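Asker: Take this structure, written in structure tokens, and hold onto it; I'll ask about it next.
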Amino acid sequence: MSTQDAQPARRALILVDVQPTFCEGGALPSPGANAVSEKVARYARAHRRDYAAVVTTQDWHIDPGDHFSETPDFVDTWPPHGVAGTPEAELHPALHGMTFDASVKKGMYAAAYSGFEGIDADGRTLAQILEDAGVRAVDVVGLVESHCVKETALDAHRLGLDTRVFTDLTVPVSPELGAQAREQLTAAGVELAESGQA
């Protein structure tokens, strides 16, 4: 048995949409998102060896159709954000210099909230990436708790993965939407924890 096989529960860290477009100064900012991005980066650097895989997701909109609107309702339609090839769509500067096992881009031509709707440069879905790495459990962090973090975690749980969301390494659009997201996650069976408890 290899050392890798002997690791406890093969666990992946999923960094969801840690991008300037969702931070203060970006197209769809959430309060505290820059600070959370810095915390996510510190955690990922400090705990890299604890994970069988570390994967990023990014909103990477090329022509997402009616996902973009000049008169958005902020439920189904949004102002342009995460536009492919722009600095706002790149990973947050706090993550610069880090290497990742895979990078998934989503929402190219349609709305996509869950990281499991995206693909990497080789055309693999997030589910395939995790399966290839033998992952059975995931920790989900990033931006934002009330939307893409929630949907990514719910999809991970639906796929049978032991799923945790670190509540100190994410931030919602608003406190109210954050509370609703945590209720949905808990009801679905997703564990909510703080990264220091890991």
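Asker: Ratio to report: Rg/Rh of region 70-179, with Cα atoms as the point set and Rh obtained by the Kirkwood method; give two decimals.
Answerer: Working: Rg = 14.5 Å, Rh = 15.2 Å.
Ratio of gyration radius to Kirkwood radius: 0.95.
Asker: Next question, about the same structure. For region 92-107, what does the Karplus curve 6.51 cos²θ - 1.76 cosθ + 1.60, with θ = phi - 60°, yield as ³J(HN,Hα) per residue in whole Hz, taken in order and with x for Gly and Pro?
Answerer: Using θ = phi - 60°, the values come out as 4, x, 4, 8, 4, x, 8, 10, 10, 6, 6, 10, 9, 10, 9, x Hz.
Asker: Taking H as built 1.01 Å from N, whose amide H comes closer than 5 Å to the amide H of Leu13, not counting residues under 5 places away?
Answerer: Here the answer is Ala53, Val54, Val55, Asp139, since their amide H atoms fall under 5 Å of that of Leu13.
Asker: Now a separate question. Which value in nm describes the separation of the simple spin-label points at Ala35 and Arg124, placed 7 Å from the Cα toward the beta carbon?
Answerer: Once both label points are built, they end up 3.7 nm from each other.
Asker: Please check which bits of region 78-111 a label hung off Asp132 would reach, taking the label as a point 7 Å along Cα-to-C-beta and the cut-off as backbone N under 15 Å.
Answerer: Residues passing the 15 Å test: 100-105.
Asker: Continuing with the same structure: Could you work out the equivalent-ellipsoid semi-axes for region 117-165, taking the square root of 5 times each eigenvalue of the Cα gyration tensor, largest first, in whole Å? Mind showing how you got there, number by number?
Answerer: Working: eigenvalues 63, 39, 14 Å².
Its equivalent ellipsoid spans semi-axes of 18, 14, 8 Å.
Asker: Report, for the chain, the % of DSSP beta bridges that are antiparallel, rounded to 5.
Answerer: Numbers: 2 of 29 bridges.
Antiparallel: roughly 5 percent of the beta bridges in the chain.
Asker: Could you check which residue among Val83, Val140, Val165 shows the biggest mean-square fluctuation in a GNM of the chain with a 10 Å Cα cutoff?
Answerer: With Cα springs under 10 Å in the chain, the top fluctuation among Val83, Val140, Val165 is at Val83.
Asker: A follow-up question, please. On the full set of protein chains, 1.4 Å probe, figure out the accessible area of Phe22 and give it in Å² to the nearest 10.
Answerer: Estimated to the nearest 10 Å², Phe22 gives 20 Å².
Asker: I'm checking a number: the convex hull volume of the Cα atoms of region 10-150, normalised per residue, in Å³. What is it?
Answerer: Values: hull volume 14.1 nm³, N = 141.
Hull volume normalised by residue count: 100 Å³.
The values are calculated or read from the model by the stated rules, or taken from the named source; none is laboratory data. Given the structure is predicted, the values throughout are model-derived calculations rather than measurements. Methodologically, a virtual Cβ is constructed for each residue, glycine included, from the backbone with ideal geometry; neighbour enumeration extends over all protein chains shown. Accessible surface is based on the protein model in full, side chains and every heavy atom, while ligands, DNA and RNA are left aside. Shrake-Rupley method; radii C 1.70, N 1.55, O 1.52, S 1.80 Å.
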